[in-house]
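Below is one structure; the comments refer to it alone.
The values are calculated or read from the model by the stated rules, or taken from the named source; none is laboratory data. None of the values given here were measured: they were computed from a predicted structure. With ideal geometry, Cβ positions are generated from the backbone for all residues, glycine too; neighbour counts draw on all protein chains shown. For accessibility, only protein heavy atoms count, side chains too; no ligands or nucleic acids. Shrake-Rupley method; radii C 1.70, N 1.55, O 1.52, S 1.80 Å.
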Amino acid sequence: MKATLVLSNGCVFHGQSIGASGERVFEMVFNTSMTGYQEILTDPSYAGQGIVMSYPLIGNYGVNHEDNESGRPWAEAFIVRHLASRGSNFRCEGTLDEYLKEHNIVGIQGVDTRALTRILRNQGTMNGMITCAENFSMDEALEKIRAYRVEGTVERVTRQAEEEYPAQGRQLRRVAMMDFGVKENMIRCLTKRGCAVTVYPAHTPANTVLSQGYDGVMLSNGPGDPADNVEIIEQVRKFYDANIPVFAVCLGHQLMALATGAKTRKMRFGHRGGNHPVKDVAQGRVYITSQNHGYCVCEDSVDPAVAEISHINVNDGSVEGLRYCKGNVFTVQFHPEASPGPQDTEYLFDRFMDMMGGGRNA
């Protein structure tokens, strides 16, 4: 079946339909990873977005139940150059095309994803639409595309009730995880270090969490514009004011910055992929990181009396981490839990363990 991709700037790409058929409007972003498409699709931070994979061959090792980062895929659409018709891997349980159909994700293959990536890099992130209709009104399509907004995504992706995850091995610490769109491997990185983790819905009052006597609080990744989460930001401020270690990642990093007086901005095309170099300022060392974000903290809005910049992006100089002057709060923009890799910055979980009083199983 034929499919058409329409961009908000009027560009049109023709290809073949993959996954579910029909029509879907989304914010279009690109990811430069060569592998990890299943983890990418199931990352809640992609809610409301269509993903362009710049690497030309996707789906070659199939899908399986182990690599999901949440209970379901959250991406609206998937755009690839070539979709492998079968997966070749000892863990393969099905094809990517079957997976997309099962979860009602619209997709297209046979388009020049490198050209799409260049458009998004040069003109910035924009909306798009995939349609399987042979005849459609371009004017009506552009009207739908340009009216689309990514909104209310944290409410969509967060769990509805708290959930317990026991420590692997001997329990050393108890951690509260605020679920703004948490990835499963973020929880595993704590449990394998001996932490019993309680995951809370995004809008849980901070006082409810703090009353339970946890050793630390972690603020997860998540989708959308951080400034939209006004009520959550008020609760994050209470975590900052409490005398408890806090580690925040991605959206959590942005929310903590907003809660302490800094500002965020939408980036031209964001950072999405597994090959982003980040410098740890204190160490003077560069790490390769996994990233997925379209917003960042404005450097000139960070009050040096509140926090110092701990990590910077080597490519564009954007803020990648903050170390707060209180001494028990630190945040990063990138994903130290990776999935898909690299795992270069997983040492930050060890730093969090040290802040909570030390002790590690891994």
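Worth a mention:
- Just checking the listed ones, Pro340, Pro73, Pro56: in the Gaussian network model of the chain with Cα springs under 10 Å, the one fluctuating most is Pro56.
- For Glu69, neighbours were defined as the other residues whose beta-carbon sits under 12 Å from its Cβ, and their charges (Lys and Arg +1, Asp and Glu -1) total -3.
- Ile18 accessible area, assembled protein chains, probe 1.4 Å, Å²: 0 Å²
- Area of Cys11 that stays accessible when all protein chains are in place (1.4 Å probe, Å², to 10): 50 Å²
- Placing a pseudo-label 7 Å from each Cα along the Cα-to-Cβ vector at Ser137 and Val314 gives an inter-label distance of 5.2 nm.
- Most to least accessible of Tyr324, Tyr148 (protein chains only, probe 1.4 Å): Tyr148, Tyr324
- For Asp215, the shell of other residues with beta-carbons less than 11 Å away shows a net charge of +2, using +1 for Lys and Arg and -1 for Asp and Glu.
- Relative contact order computed over the chain (Cα-Cα under 8 Å; 6+ residues apart), in percent: 15 percent
- The chain, accessible surface, carbon-and-sulfur percent (1.4 angstrom probe): 46 percent
- The chain: most fluctuating residue of Asn328, Asn315, Asn31 per GNM, C-alpha cutoff 10 Å: Asn315
- Extension reserve of the Cys325-Glu23 stretch, reckoned as 0.36 nm per residue once the Cα distance is removed: 103.8 nm
- Both radii are taken from the alpha-carbon atoms of the stretch 266-333; with Rh as the Kirkwood radius, Rg/Rh is 0.96.
- C-alpha center-to-center spacing [the stretch 30-84, the stretch 305-338] in angstrom: 27 Å
- Taking every protein chain into account, the accessible area of the chain amounts to 40 square angstrom per residue (probe 1.4 Å).
- Among Ala305, Ala75, Ala262, the residue with the largest mean-square fluctuation in a Gaussian network model of the chain, with springs joining Cα atoms closer than 10 Å, is Ala305.
- The angle between the Cα long axis of helix 113-123 and the longest principal axis of the Cα atoms of the chain comes to about 60 degrees, rounded to the nearest 10.
- Chain lengthening between Asn9 and Asn104 when straightened (0.36 nm per residue, less Cα-Cα): 31.6 nm
- Residue list for the stretch 20-51, given a label point 7 angstrom along the Cα-to-Cβ vector of Met1 and an amide N cut-off under 12 Å: 20-24
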